[in-house]
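Below is one structure; the comments refer to it alone.
The values are calculated or read from the model by the stated rules, or taken from the named source; none is laboratory data. Because the structure is predicted, anything quoted here is derived from the model rather than measured. As a convention, Cβ positions derive from the backbone with ideal geometry for all residues, glycine included, and neighbour counts pool all protein chains shown.
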Amino acid sequence: MNNTDTWLVTGGAGFIGVNFVKMLLAEKLGRVVVLDALTYAGNIRSLESEIESGAIEFVKGDIGDSQLVAGLLARIRPAYIVNFAAESHVDRSVDNPRPFVEANILGTQNLLECARQYVKNGGELRKFVQIGTDEVYGDLDMDFDEPQLLEGAEALVGREVRVFGRETFSESSPLKPSSPYSASKAAADMMALAYHRTFGLPVVVTRCSNNYGPYQFPEKLIPLMINNIMEGRSLPVYGKGLNVRDWIYVDDHCSGVIAAALNGRLGEVYNFGGYYEARNIDLINMLIDLVRESEGINGSGLVTYVSDRPGHDRRYAMDASKSIQELGWKPEVLPEDGMKRTVRWYLDNLPWVRDIVEGEYRSYYEKMYSNR
Ligand code: NAD
Ligand code: TDX
């Protein structure tokens, strides 16, 4: 790596992509070009200052557009391609799976194919990083009603960790996706690994647990709940609220992706996790407390149990020891600090949230939550 390298970040106007672009710039890792179709989930406002100052180049386009992608690669000559572009919301995939096949499977295959042609024509591509998810592994059992200490956590991540079950996902766990979203992500991972094995493309696949932090689209649990508390709307908890997610602060995911791009072994998969398991209802109550402490608004009466998500995964938990040992990575942000920082960001950036909530999101919300 040197700082004249070009990074092509696809899906760079989405939640994780925006945070990733800001990290690449802060660490001066090279020139950054963002390719994003600006679907409902992409928000160019999040990169306004970087675009205006010329710190990045922004290209609006679809990763599935072969002419556009081929021309872009030939012009910018990237050393790294990091593919965040995807349809990413499980509930939308339950409502309509088709766009997930188009963006996540066909789009990724097109990007891989264009990268292959670019290398064939002399392009010096060091890494194609395919961004995957823990959801491809399916879900895990809950063995404990109250979380138990995880043995060996101090040595691994430097702090106490509590978990709701004995099992975790490792990179060799079988793939058992539950939703059309996770099935499409599993297909994309497999296609990327096949391009490595068959064509020698320098691929690594990363898989991460639930991210939280600034710039997340408010259809996802944490920003949705914070915004609803502020607006006095009900807080829709699916089922009994007992499903468990492993939460990771978005910067910890981004630093893992950079480590995988720079030092990951080709053809390998790397898991990242936050080592912070929480039941949805406990997390929602924590958000209610944080908003109450900061704004004096009491959202506790707004909690409303609604019908469950079909096929709802019970528990996710990552074993990220391979990334910790091989990449020298670990999640650094303490969960309590990360949650406080995140709530603060949404409260300080209500116009960013409101802008989205006023748009297409309003009809989505009515469709998904009225009569639920
Ligand atoms: P997001 O929905 O916030 O952003 C996705 C971005 O991709 C948007 O800017 C959108 O405009 C763009 N996009 C969609 N289809 C495109 C296409 N065909 N061509 C070009 N751009 C397109 O998603 P996110 O939460 O930032 O997730 C980014 C990636 O990380 C996804 O691949 C997702 O599967 C994966 N991931 C997310 C999480 C999480 O907790 N959010 C966890 C693990 C993995
Ligand atoms: O209104 C809600 N009520 C509720 O109870 C919403 C939006 C969610 N939930 C529950 C469902 C999940 O158990 O909260 C949990 C988190 O839901 P999401 O924010 O939709 O995330 P999840 O389905 O876990 O998927 C996320 O993590 C893995 C990302 O959206 C994926 O892109 C990523 O791959």
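If a residue must be surrounded by fewer than 19 Cβ atoms within 10 Å (Cβ to Cβ), within 14 Å of ligand 1 (Cβ to nearest atom) and over 20 Å from Ile356 (Cβ atoms), how many such residues does region 14-54 contain?
Total satisfying the criteria: 1.
Name the pairs whose Cβ atoms lie under 7 Å apart, with the first residue in region 335-361 and touching a residue at least 60 places away in the same chain (Cβ under 8 Å) and surrounded by fewer than 19 Cβ atoms within 10 Å (Cβ to Cβ), the second assigned to a helix (DSSP H, G or I) and hydrophobic (A, V, I, L, M, F, W, C), and 6 or more positions between them or separate chains?
Leu350/Met230
Pairs only if they're at least six apart or on different chains, beta carbon under 6 angstrom, first in region 125-147 and closer than 13 Å to Glu277 by Cβ, second within 16 Å of ligand 1 (Cβ to nearest atom) and of a type in the set (D, E, K, R); list them, first residue then second.
So the pair list comes out as Asp134/Arg207; Asp139/Asp313; Asp139/Arg315; Leu140/Arg315; Met142/Arg315.
Within region 85-129, count every residue that is within 13 Å of ligand 1 (Cβ to nearest atom), touching a Phe, Trp or Tyr at 6+ places or on another chain (Cβ under 6 Å) and either within 17 Å of Pro202 (Cβ to Cβ) or not charged (D, E, K, R) (or both).
Count: 3.
Do we have Ser300 as modelled with pLDDT of 95 or more, surrounded by fewer than 17 Cβ atoms within 10 Å (Cβ to Cβ) and touching a Lys or Arg at 6+ places or on another chain (Cβ under 7 Å) here?
Criteria not met by Ser300.
So how many residues does region 248-260 have that are hydrophobic (A, V, I, L, M, F, W, C) and touching an Asp or Glu at 6+ places or on another chain (Cβ under 8 Å)?
Within region 248-260, residues that are hydrophobic (A, V, I, L, M, F, W, C) and touching an Asp or Glu at 6+ places or on another chain (Cβ under 8 Å) number 1.
Looking only at region 253-284, count how many residues are surrounded by fewer than 23 Cβ atoms within 10 Å (Cβ to Cβ), closer than 23 Å to Gln148 by Cβ and of a type outside the set (A, V, I, L, M).
Of the residues in that region, 3 qualify.
So which residues in region 29-76 are touching a strand residue (DSSP E or B) at 6+ places or on another chain (Cβ under 6 Å) and assigned to a loop (DSSP other than H, G, I, E, B)?
Passing the criteria: Gly30, Leu38, Gly42, Gly61, Ile63.
I'd like the full set of residues that are within 14 Å of ligand 2 (Cβ to nearest atom), part of a helix (DSSP H, G or I), polar (S, T, N, Q) and touching a Phe, Trp or Tyr at 6+ places or on another chain (Cβ under 9 Å), limited to region 223-272.
Answer for region 223-272, where residues must be within 14 Å of ligand 2 (Cβ to nearest atom), part of a helix (DSSP H, G or I), polar (S, T, N, Q) and touching a Phe, Trp or Tyr at 6+ places or on another chain (Cβ under 9 Å): just Asn227.
Is one or more of the residues making up region 253-273 touching a Pro at 6+ places or on another chain (Cβ under 6 Å), over 30 Å from Pro310 (Cα atoms) and not β-branched (Val, Ile, Thr)?
Yes: region 253-273 contains one or more residues that are touching a Pro at 6+ places or on another chain (Cβ under 6 Å), over 30 Å from Pro310 (Cα atoms) and not β-branched (Val, Ile, Thr).
Any residue in region 331-338 that is outside any loop (DSSP other than H, G, I, E, B), under 25 Å from Tyr215 (Cα atoms) and more than 16 Å from ligand 2 (Cβ to nearest atom)?
Yes: region 331-338 contains one or more residues that are outside any loop (DSSP other than H, G, I, E, B), under 25 Å from Tyr215 (Cα atoms) and more than 16 Å from ligand 2 (Cβ to nearest atom).
Test Ile81 against the criterion of being of a type outside the set (Lys, Arg), more than 15 Å from ligand 2 (Cβ to nearest atom), at pLDDT 95 or above and not in a loop (DSSP other than H, G, I, E, B), and give yes or no.
Against the criterion (of a type outside the set (Lys, Arg), more than 15 Å from ligand 2 (Cβ to nearest atom), at pLDDT 95 or above and not in a loop (DSSP other than H, G, I, E, B)), Ile81 qualifies.
Being more than 11 Å from the chain's Cα centre (by Cα) and assigned to a strand (DSSP E or B) is the filter here; which residues of region 195-222 pass it?
Passing the criteria: Val203, Val204, Val205.
Quick one: in region 172-225, which of the residues that are within 30 Å of Val357 (Cα to Cα) and aromatic (Phe, Trp, Tyr) is nearest to ligand 1 (Cβ to nearest atom)?
Residue satisfying both the conditions and the ranking: Phe217.
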